[in-house]
Amino acid sequence: MNPFLIVAAALAVGIGVAHSWLGERYLLKRLLRRSNLPHILGSDVFTKRTLRLAWHLTTVAWWGLAAVLALVAAPPTFNIGMDHALVIVALTFLATAVVTLVTSRGRHLAWLVFLLIAITTWLGIG
């Protein structure tokens, strides 16, 4: 077990929690109240959803990286290979695709790219 990587993974999870919670509380809440945000697709609703989505997807990415760090930190007796790390990457992109699809109601087409990354990563395993 590599204690440095475990600490790094824990810190990545912690910074993700802090980023989402503090960002929502102190930045996004105030930013999204503004009346002068750009209107995309007819109103500022899509703009607001996209800002919130992008903010929180950072946390999802950091949690995915934390999982990879924890996986790599495991003792060598677990015989963990690159395939396991790729599974985490694929699942992280799948989660990102689902969150983007649901949050944007399919309007932000990045969900499709995230899904393709998840699928191609999965297909590239072993």
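Tally time: how many residues in region 29-44 are in contact with a helix residue (DSSP H, G or I) (Cβ under 6 Å, 6 or more places away or on another chain) and outside any loop (DSSP other than H, G, I, E, B)?
1
Criterion applied to Thr96, Thr47 was being surrounded by 11 or more Cβ atoms within 10 Å (Cβ to Cβ) and out of contact with any strand residue (DSSP E or B) (no Cβ under 7 Å at 6 or more places or on another chain), and the one residue passing it is Thr96.
Going through Leu31, Leu27, Leu41, Leu57 one at a time, which residue ends up being within 24 Å of His108 (Cα to Cα) and buried (at least 17 other Cβ atoms within 10 Å of the Cβ)? Even if it seems obvious, please write down each step before you answer.
Working: Leu31 fails: buried (at least 17 other Cβ atoms within 10 Å of the Cβ); Leu27 fails: buried (at least 17 other Cβ atoms within 10 Å of the Cβ); Leu41 fails: buried (at least 17 other Cβ atoms within 10 Å of the Cβ).
Leu57 is the lone residue from the list that is within 24 Å of His108 (Cα to Cα) and buried (at least 17 other Cβ atoms within 10 Å of the Cβ).
Readers should treat all values here as calculations from the given coordinates under stated rules, not as data from a laboratory. Quick caveat, the model's predicted, so the values are computed rather than measured. Quick reminder, even Gly has a Cβ in these numbers, built from the backbone with ideal geometry, and neighbours come from all protein chains shown.
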